[in-house]
Amino acid sequence: MTKGKEEHAFRAELSQLLDLITHSLYKHPEVFLRELVSNASDALNRLRFRKLTDKNIIDPEADLEIRIETDEDKDTFSIEDTGIGMTKSQLIEDIGTVANSGTLKKLKEIRAQDKEIDADIIGRFGVGFYATFMVTDQVIIETRSAEPGAKAWRWISDGKSGYTIEESDREKRGTKISFKLDEDYEEFSNDARVKNVIKKYSNFVDFPIYINGNRENTIQALWRKKEKNISEEDLNEFYKFVTMDYQDPLGHLHLDLEGVVNFKALLFVPSQAPYDLFQDIQNKKGLHLYANRVFIQDDAGNELLPEYLRFISGVVDTKDLPLNISRETTQHSPAMSKIKNILAKKILGMLEDWAKNDPGKYEKFFKNFGPLFKTGINTDFSNKDRIMNLLRYESTHTDKGVYTSLQDYVERMDDEQDEIYYITGDNREVVEKNPNLEYFIDNGIEVLYFIHPVDALISSSLDEYEDKEFKSIEKADIDFDRTKKEKKSDQEELSGKPLESLIDVFKETLGNRVEDVKASKRLVSSPATLVVGKDGMDPQVERMMKMMNQQGNLNQKKILEINPSHPIIRNLNRLNIGNSTDETLRKTILQLYESTLLLDGNLDDPAEFVKRMNELMTKATE
Ligand code: ADP
């Protein structure tokens, strides 16, 4: 039998990652403990799952448990589980590599932004085991897989350059991880300190945890208790255990359903959205699936929640999955899709309840998860009306950061108004300066601000609410006469033949740059604005597409509207009467047009614009 030691180098990526972790996590050294317990618990869960269908494993009768031993005199720490263990190739594959290839990139990004890489981020990215190198400079893993006939292996690493692997004489199934603590972290050889951390983060682990021979945790399936018997403190602790979040949740939902499908669930809404909400949900763990109390998987959100609700964490426990389940059969089980439908409805019910009875809480939820939640409008047709009722927007009638619901908007509408108006843009400051808003402000008509990128993407699915159509105020076809108040006529308005003639000169000068030129009813203080034809693309969507695809020429032709009562337009009329080919007249028209492009963020050639402006200023100052 060969007992030779093999040396392996870490991949470059891993060394960098280790470096980042050890330098970023120093404020939360206890994290290593949580990660090691969580790995042990995973290994035990996997073993228990396998035992459901296959008793042909090493030590089939061994108790499923976690044992931690510390020695304060020698400053040593070890944690041992009777879980699934690792084969040699698993040791090399799983321990020597980073689970998620984007992890390093993301950590660097966060670091570059000077944000703190905290324990929470480490937990979510799944670099758990390596946190151990924060408290020691040498880790020994001894492990024996449950596979019949598997050999045992010893893995040793300093967490810097690489590791060695050799055969071990360990007989028991499972994994033992041991090390001597660095001087600065000797506290973790103290029994009481370790107990404390375990109580805080690992109290809900499904297997007994012993510290120096004493049983520490009380296993409790919290979701099986009656709501009235669950304390706030238990809820908070349980949430943190499931999600590895460090903050208390914003709220929870406890379900116990019997009928077409039977399940119990304890679900949570986090109080804060993760660093990158949309990416985070792709490989999010945190919705744990149990089949009659047996843990199946920790990332059941993909199967049990529609994407727009995937910020929800917690536990779902059902009697309705076959016992010989595998991940694949779980995914296609009819029980799963029934649970999924019910969960979506119940979660919406919880949000509706918050919106009605605790608006502050609902607003907090919406500020954090609104961008993701809103996408449900595009994807969940069966619940679209309910989601619509839960939408919130800033508007011309709210202060910055304050939201209105569609229902409140409709209640505030005048009788003559039969459309819901909105404007899209990057932020409140930008849309407030949009000339297309002038008419609405002047007439006191409320306009919703769609100022999150997602808003532009879902606006095409927002067709109507309570029989009122949604309408972008940047579109040409708005019936202004219907809502127009008494004209505050302090300015003379250009009209009739002279207006028609001036519009012709505009058309001739601008040629195919514009779809049309019209007299505007929406402008009050600006001379001109661009609007989109009835079937045109929302300007915000156009801007976003331009950003994503810079080489393409996506500029859609728009309609230029001019303000017949604006002094510039009236002055242009004078020039036009004198000589319709007047140079200043033509230049000013081009300048007006390009100013609207500039405001829209679509001016491609500022040099030409500035040159012309200088010429006009020279003329004006002569
Ligand atoms: P994560 O747990 O997020 O996958 P880790 O670096 O903590 O990341 O662990 C990497 C992998 O090593 C685990 O996914 C698992 O396959 C394996 N592993 C770690 N600890 C154990 C253990 N105690 N028993 C069996 N396998 C383990």
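The values are calculated or read from the model by the stated rules, or taken from the named source; none is laboratory data. Everything numeric in this text was worked out from a predicted model, so none of it was measured. All Cβ positions, glycine included, derive from the backbone under ideal geometry; neighbour counts span all protein chains shown. Note: accessible area is taken over every heavy atom of the protein model, side chains too, but ligands, DNA and RNA are not part of it. Shrake-Rupley method; radii C 1.70, N 1.55, O 1.52, S 1.80 Å.
Quick notes
- One residue stands out among those in the stretch 3-57 that are modelled with pLDDT of 90 or more and of a type in the set (V, I, T): the one that is nearest to the chain's Cα centre (by Cα), which is V37.
- Tally of residues being within 18 Å of I458 (Cβ to Cβ) and touching a Lys or Arg at 6+ places or on another chain (Cβ under 7 Å) across the stretch 405-447: 4
- Neighbours by Cβ (under 6 Å, 6+ apart or cross-chain): first from the stretch 3-22, under 16 Å from F133 (Cβ atoms); second assigned to a strand (DSSP E or B) and open to solvent by 40 Å² or more (accessible area, probe 1.4 Å): none
- Where K611 falls short, out of the listed (1) assigned to a helix (DSSP H, G or I); (2) buried (at least 16 other Cβ atoms within 10 Å of the Cβ); (3) under 45 Å from the mean Cα position of the chain (by Cα): (2)
- Residue in the stretch 478-489 that is more than 22 Å from K433 (Cα to Cα) and modelled with pLDDT of 90 or more present: no
- Check on D605, open to solvent by less than 50 Å² (accessible area, probe 1.4 Å) and charged (D, E, K, R): no
- Qualifying residue in the stretch 544-556 (condition: out of contact with any Ser or Thr (no Cβ under 9 Å at 6 or more places or on another chain), among the basic types (K, R) and open to solvent by 50 Å² or more (accessible area, probe 1.4 Å)): no
- Looking only at residues of the stretch 298-331 that are among the hydroxyl-bearing types (S, T, Y), farther than 16 Å from P270 by Cα and not in a loop (DSSP other than H, G, I, E, B), we find that the one that is modelled with the highest pLDDT is T318.
- The residue pairs whose first member lies in the stretch 527-544 and is in contact (Cβ under 8 Å) with a residue 40 or more places away in the chain, whose second member is part of a helix (DSSP H, G or I) and of a type in the set (S, T, Y), and whose beta carbons are closer than 6 Å, counting only pairs six or more residues apart or on different chains, are A528/T596; T529/T596; L530/T596; D538/S459.
- A count restricted to the stretch 517-554 and to residues that are closer than 23 Å to V505 by Cβ and modelled with pLDDT under 80 stands at 0.
- Taking the criterion of being closer than 26 Å to D426 by Cα, β-branched (V, I, T) and modelled with pLDDT under 95, the only residue of the stretch 573-622 that qualifies is T596.
- Restricted to the stretch 227-246, and to residues there that are modelled with pLDDT under 90 and of a type in the set (S, T, Y), the residue that is farthest from D191 (Cα to Cα) is T243.
- Taking the stretch 21-79 as the range and being assigned to a helix (DSSP H, G or I), more than 14 Å from the ligand (Cβ to nearest atom) and open to solvent by 60 Å² or more (accessible area, probe 1.4 Å) as the test, only H23 passes.
- Count - residues of the stretch 202-226 that are modelled with pLDDT of 90 or more and over 16 Å from D191 (Cα atoms): 7
- Any pair with Cβ under 8 angstrom, 6 or more apart, that starts in the stretch 271-297 at a residue that is buried (at least 16 other Cβ atoms within 10 Å of the Cβ) and ends at one that is modelled with pLDDT under 85 and among the aromatic types (F, W, Y): H288/F295; L289/F295
- Scope the stretch 397-441; condition under 20 Å from S526 (Cβ atoms) and of a type in the set (G, A, S); matching residues: G425
- Residue ID - surrounded by the most Cβ atoms within 10 Å (Cβ to Cβ), chosen from residues in the stretch 80-92 that are closer than 19 Å to V205 by Cα and β-branched (V, I, T): I84
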